[in-house]
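Notes follow the structure.
Each value in this text was obtained by applying a stated rule to the coordinates, not by laboratory testing. This one's a predicted model, so the numbers in the text were calculated from it and none came from an experiment. Cβ placement follows ideal geometry from the backbone for every residue including glycine, while neighbour counts extend to all protein chains displayed.
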Amino acid sequence: MFEFDQYLGFLSFLSILTIGFWLMIFLLTFAIPYWLTGSILEWLQERKEGVRKEVPKRK
């Protein structure tokens, strides 16, 4: 069977694997979409302000 140091190594491997799995799930479902949405909204806002400055208002 396992010796104690092999058992600790196996547990640490499982812990690191589990942490990596949940980090990947978190990044793919929350962090990356949040970042992309904020970037797109900021880009649209800057573009809208740029169009307002370029086109003079007609009377």
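Couple of notes before you dig in:
- Amide N proximity, the range 16-59 versus residue 2 label position 7 Å along Cα-to-Cβ, cut-off under 18 Å: 16-20
- Note on the chain: the C-alpha convex hull projects to 5.6 nm² when averaged across all orientations.
- Computed from Cα positions, the angle between helix 4-26 and the longest principal axis of the chain comes to roughly 20 degrees.
- Crossing angle, helix 32-54 versus the chain [Cα axis fit, 0-90 degrees, rounded to tens]: 10
- Here is the list for the chain: GluC sites (Glu not before Pro) lying in DSSP coil, each with at most 12 other C-beta atoms within 10 angstrom of its C-beta, are 3.
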